[in-house]
Every structure is written in C-alpha cells, then in structure tokens.
Amino acid sequence: MSASVTFSTIKTASNHLFGLAVLNNPDTLNALTLQMIDLLDPQLKAWAEDESIAGVVLGATGDKAFCAGGDVVSLHHACKRVGAGHVPPEAATFFEHEYRLDYRIHNYPKPLLCWAHGIVMGGGVGLMVGASHRVVSPNARIAMPEVHIGLYPDVGGSWFLQRMPKSTGLFMGLTGAIVNAGDALQGQLADHVIAHEHYSDVLTAITETEWTGNDLANHDLLSKLLTKFASAAPKGLLEQHAETIEAIVQADSLEEIAKGLHELAGHSDPWLARAGQSFVHGSPTSAVLAFELQKRLADASLGEVLRLEYQAALGCCAHPDFAEGVRALLVDKDKSPRWQTLSFGDDNTAVVDEILKPRFDGLHPLADLV
C-alpha cells in the first residue's frame, strides 16, 4: 500500500534542496486523514530546521483535486459510536493535530509553495491559505462547505474569511458557495494562477535556480519564478455579484441575512440561486455558529481563533447535526438531513455557548499558539 503522503527532495543549482510533500490519496480527492496530518507536520518541522533545505513544495496526486477537505466520514463513524453529547477521542486528536499543522504552515520560516489545483475545499483551504506562496489552477473550485454537514468554516476560517473584501467571506461561510481562481486572488486566499500542466515546469525551474541561505531572499526568488508561469485568472464570481452579495450580508442581524439568502434561492442567476439554496438546506446551527464566530473573533490572533475553533469543532462533534449531516451527504447519500430546529430570529446565545464550552481538562490543548 502506497503512503498517504510522499516525501522527497529535489536538488537545485546552488546545491540547496527543496522538500517535496505530496498528498497521495486521490481516490478520496486527497481527503485529509489524521495519518496524513501526522506525516506532514513532523516532516515540515524537520525541513524548517534543516539548513540544506531552501524551501518546500506541497502538492497532491491526481488531476481532480488538491484536497477536498478533512476525512469527516471517519469522524462521523466515531461520533456515532459514542453517541450525541459526547466527543470521541479520535475527534479531539484530529482537530488538535490539524490546527497545529495549519498554524505551522501560517508561520513557516522558509518559502512554502502550496500547489492547489482543482478541488480545494475545507481542510484543503486550511492547508493552502497559510502558505507563503499559494498557487491555484484556472479551473480551481474553492469552498468552505461545512454548512452542508453541520460543522462550520474551521481550519482558521473564522480568521481568513473575515479578511476577504466586502464580507464575501461571511457569504462563503454561510452558503458553502463554490468560488473560482479569480475569487481566490481577490480574496487573498491565493497569490498566483498557474495551469496545472505547468507543475513539472515549475519544479524544473526550482531546480535551475540559485537559492541562498537567506529565507527572505528565497521568498523573493520564488515569487519572481512563479510570476513567469502565471496566467490570467477568470473573473471572480464574488466580484461579478458583489452588489447583490453585499446588500445581503451587510445586514445587522443573521435574521435579516437569512431572509436575503432565502430570497436568493429563487434568483435567476444559477450560481446565486445555488448559494441561496445551499443556505436554505444547510444546518441552521452551522450558520449561527459561523456568524457568531466571525463576530467574536473579529480582532483575535490566529492562535486565539484556532483555540476557539477547536472548542467549536468538539462541540459540533457532540451536537447531533454533524453526524446527521455527514450521514446524509457522504454516508447514506440521501441528501435529506434532519437538522435540529433553530430559528434565526431567536437569541441563540445559549446554543452557541453550549457548543463552544471547553471539553478538556486543564490547559487548553492549543494554549501555546499565539
């Protein structure tokens, strides 16, 4: 059986090395498992401390996807085993290790090129967005679709979505809307658009480059190298519909936003209509939690965001909507989830606080993240 993540190094013209990490689970669209996380994180740490390594490339096997998200099916089975109201130990380990990996990528000292082609969703966005150099393919399909499964936009989504212009990140989080490469550039989720067929050409250019022992200089070298391969980005869907989206998400309350998104479900534009329908059929608890987290974490550091998201993730595992959402979408595939009833017009503070309460003893598992 082949490894779920493969590692190698490529030698460059300056005799420095570039680390090459490749997600290798194409049958599941490279869905991120705990095993993959526990392979990636220590290797990235080792390369960061190795003076012979000038930089790192993170890519994926297969032509369809970089990473379609986390392995929520395994988490679903674990949640069903322990029952509603309880958190399986596998979930606590998965989210702690995943968020630590994302944090490492955000703070990586050396150039880290994430080559995110095709489908990039959920946990895949978490891997991509923190890299110093983020490439998406022209046909990229990018989303934070957790509203479909009773989760919420995690992996730092409460941090990077609210940094997108004109509250478009909130729109993505509430609707799970699939956006394109142009949106990724405009929303500061990516830096370059390069056709996937140029992947080997970029690796060749890396080998032919004279790298230095200076991380900042190498960051600049990699940026210039990637610019040579860049292609035009498609016009962003969020940009095309900016006026309509902003009119909805700039409302003062989630109740008003929900009314606008319900109306959007009948829009004549198919993309806007799908976004509205996704909200209508999504988990109300997920929507409330996504909205509330962006409010509560507006001025928080990445470490603070990941700590509260960790509590939210465990709370979602204990909440019935997560197991039910994964069942309906990915296990039984009947696409008819039976969500817990929640009104957007009510004060849902108690519901959110119950989900966000600490489910660990002693020091927070992510207490050392700043």
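General observations
- Qualifying residue in the range 68-88 (condition: under 30 Å from A205 (Cα atoms), buried (at least 17 other Cβ atoms within 10 Å of the Cβ) and either at pLDDT below 95 or in contact with a strand residue (DSSP E or B) (Cβ under 6 Å, 6 or more places away or on another chain) (or both)): yes
- Helices (runs of 4 or more DSSP H) (entirely within the range 50-139) containing at least 1 residues that are more than 21 Å from C317 (Cβ to Cβ): 89-106, 123-129
- Among the conditions (1) without any contact (Cβ under 8 Å) to a residue 40 or more places away in the chain; (2) crowded, with 16+ Cβ neighbours inside 10 Å, H117 misses just one, which is (1).
- Any hit, the range 332-340, residues being among the polar types (S, T, N, Q) and assigned to a loop (DSSP other than H, G, I, E, B): yes
- Some residue of the range 48-60 being surrounded by fewer than 17 Cβ atoms within 10 Å (Cβ to Cβ), closer than 30 Å to P234 by Cα and of a type outside the set (F, W, Y): no
- Within the set G130, G169, the sole residue that is closer than 22 Å to L302 by Cβ and in contact with a Leu (Cβ under 8 Å, 6 or more places away or on another chain) turns out to be G169.
- Only listed residue being at pLDDT 95 or above and buried (at least 20 other Cβ atoms within 10 Å of the Cβ), chosen from A181, A195, A230, A205: A181
- The range 135-158 - residue that is within 13 Å of the chain's Cα centre (by Cα) and farther than 19 Å from L308 by Cα and, of those, surrounded by the most Cβ atoms within 10 Å (Cβ to Cβ): I142
- Residue under evaluation F229, criteria (1) part of a loop (DSSP other than H, G, I, E, B); (2) in contact (Cβ under 8 Å) with a residue 40 or more places away in the chain, criterion not met: (2)
- So H192, is it in contact with a Leu (Cβ under 6 Å, 6 or more places away or on another chain) and not small (G, A, S): yes
- The range 18-30 residues that are open to solvent by less than 40 Å² (accessible area, probe 1.4 Å) and polar (S, T, N, Q), paired with ones that are part of a loop (DSSP other than H, G, I, E, B) and modelled with pLDDT under 95 (beta carbon under 7 Å, 6 or more apart): N24/S2
The values are calculated or read from the model by the stated rules, or taken from the named source; none is laboratory data. This one's a predicted model, so the numbers in the text were calculated from it and none came from an experiment. Heads up, the Cβs are rebuilt from the backbone with ideal geometry, glycines too, and the neighbour counts pull from every protein chain shown. Ligands, DNA and RNA are stripped out before the accessible areas are found, and what is left, the full protein with its side chains, is counted by its heavy atoms. Shrake-Rupley method; radii C 1.70, N 1.55, O 1.52, S 1.80 Å.
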